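S.K.: Sharing a structure here in structure tokens format.
The numbers here are math on the coordinates, done by the rules we state, and not lab data. Owing to the predicted nature of the structure, the values given are computational and were not obtained by experimental measurement. Cβ atoms come from the backbone with ideal geometry, glycine included; neighbour counts cover every protein chain shown.
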Amino acid sequence: MANVTIQPGQIKTGPGVIRWAPLGTAAPAPTAVGGKIAVTWDAAWLQVGATDAGLTYTESTSTEQIRVAESLYAVKTVTTEKSGTVAFEMNHISDVNWKLAMNGGTITVTGSNGTKLSSYVPPLTGNEVRVQLAFLSYDDEELIWWPQVFNGGSVETARGTVETKAGLPVEFAAELPDAAVLATPYKRWTAGSLAQGV
């Protein structure tokens, strides 16, 4: 009987920490210490806080089959389109997270402490901004960095009954950044049980 080698450390559950930063902010530069990923984050990298169900990254590939009359099987399959999306729902509906969900805008703050008041103005069409996203798993064994993303999803936040939790759902499209930054739409680092290096 054939037996599969089970690697419990490679079976992952649970959320992690989602961060975002303006374009031009220093990229994460992780190292591995004791089988864990260690990162010193630039101050511009902000946490989004609690989420409704963690983060979901989806990579989609569209293909077309090349056929000839002499074969029932395709002779080649070619890629016609690729896309990546990063989706999550932020439960911290702060002014900063609101700005993230709306692809920019302007926050103006007056006062301080008990008199502090923040006002937000959304960006007009064509003035939206791209940002960077990063995800670090709660066990510090996986880090994914998207150097350029844009929220193309619908933002719907509900205020209902007292038990209805408000949120800011986002669905960021991963874009190709400036080639000087990275030549691909994301980069992934692993350490510990996930770093097989085959």
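S.K.: Assuming Trp41 fulfils every condition listed in (1) surrounded by 13 or more Cβ atoms within 10 Å (Cβ to Cβ); (2) free of Cβ contacts under 8 Å to residues at least 24 places away in the same chain; (3) in contact with a Lys or Arg (Cβ under 9 Å, 6 or more places away or on another chain); (4) over 12 Å from Ala134 (Cα atoms) apart from one, which condition is it?
M.R.: (4)
S.K.: Take Glu175 and tell me if it is charged (D, E, K, R), over 16 Å from Asn97 (Cβ atoms), touching a strand residue (DSSP E or B) at 6+ places or on another chain (Cβ under 7 Å) and crowded, with 16+ Cβ neighbours inside 10 Å.
M.R.: No: the conditions fail for Glu175.
S.K.: Name every residue in the stretch 76-92 that is assigned to a strand (DSSP E or B) and either under 18 Å from Trp20 (Cα atoms) or among the polar types (S, T, N, Q) (or both), in order of residue number.
M.R.: Of everything in the stretch 76-92, those that are assigned to a strand (DSSP E or B) and either under 18 Å from Trp20 (Cα atoms) or among the polar types (S, T, N, Q) (or both) turn out to be Thr77, Thr79, Thr80, Ser83, Gly84, Thr85, Val86, Ala87, Phe88, Glu89, Met90.
S.K.: Of all residues being β-branched (Val, Ile, Thr) and outside any loop (DSSP other than H, G, I, E, B) in the stretch 27-59, which is farthest from the chain's Cα centre (by Cα)? Just the residue, please.
M.R.: Looking at the filtered set, the residue picked out is Val33.
S.K.: Would the stretch 132-146 turn up any residue that is among the β-branched types (Val, Ile, Thr), on the phi < 0 side of the Ramachandran plot, in contact with a helix residue (DSSP H, G or I) (Cβ under 9 Å, 6 or more places away or on another chain) and not in a loop (DSSP other than H, G, I, E, B)?
M.R.: No, the conditions are met nowhere in the stretch 132-146.
S.K.: Ok, one more. Starting from residues that are aliphatic (A, V, I, L, M), assigned to a loop (DSSP other than H, G, I, E, B) and within 22 Å of Asp139 (Cβ to Cβ), keep the ones in the stretch 1-26 and report whichever is farthest from the chain's Cα centre (by Cα).
M.R.: Looking at the filtered set, the residue picked out is Ile6.
S.K.: Further, regarding this structure: Return the total of residues in the stretch 93-121 being over 16 Å from Pro22 (Cα atoms) and touching a residue at least 60 places away in the same chain (Cβ under 8 Å).
M.R.: Within the stretch 93-121, residues that are over 16 Å from Pro22 (Cα atoms) and touching a residue at least 60 places away in the same chain (Cβ under 8 Å) number 1.
So that you can scan it fast, the table gives a plain yes or no per residue for (1) under 19 Å from the mean Cα position of the chain (by Cα); (2) over 19 Å from Tyr186 (Cβ atoms); (3) of a type outside the set (A, V, I, L, M, F, W, C):
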residue: Thr106; (1), (2), (3): no, yes, yes
residue: Ser118; (1), (2), (3): no, yes, yes
residue: Val121; (1), (2), (3): no, yes, no
residue: Asn127; (1), (2), (3): no, yes, yes
residue: Val131; (1), (2), (3): yes, no, no
residue: Val149; (1), (2), (3): yes, no, no
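S.K.: Give the residues of the stretch 122-168 that are out of contact with any Leu (no Cβ under 9 Å at 6 or more places or on another chain), without any contact (Cβ under 8 Å) to a residue 60 or more places away in the chain and surrounded by 13 or more Cβ atoms within 10 Å (Cβ to Cβ), sorted by residue number.
M.R.: Once the filter is applied, which keeps residues that are out of contact with any Leu (no Cβ under 9 Å at 6 or more places or on another chain), without any contact (Cβ under 8 Å) to a residue 60 or more places away in the chain and surrounded by 13 or more Cβ atoms within 10 Å (Cβ to Cβ), the stretch 122-168 yields Pro122, Pro123, Glu128, Phe150.
S.K.: Exactly one condition in (1) touching a strand residue (DSSP E or B) at 6+ places or on another chain (Cβ under 7 Å); (2) of a type outside the set (Lys, Arg); (3) farther than 23 Å from Pro28 by Cβ; (4) loosely packed, with under 15 Cβ neighbours inside 10 Å is not met by Gly114; state its number.
M.R.: Of the numbered conditions (1) touching a strand residue (DSSP E or B) at 6+ places or on another chain (Cβ under 7 Å); (2) of a type outside the set (Lys, Arg); (3) farther than 23 Å from Pro28 by Cβ; (4) loosely packed, with under 15 Cβ neighbours inside 10 Å, the odd one out for Gly114 is (1).
S.K.: Any chance the stretch 61-69 includes a residue that's under 18 Å from Asn151 (Cβ atoms) and assigned to a loop (DSSP other than H, G, I, E, B)?
M.R.: no
S.K.: Does Val78 count as in contact (Cβ under 8 Å) with a residue 12 or more places away in the chain and within 16 Å of Leu168 (Cα to Cα)?
M.R.: Taking the combined requirement at face value, the residue does not satisfy it.
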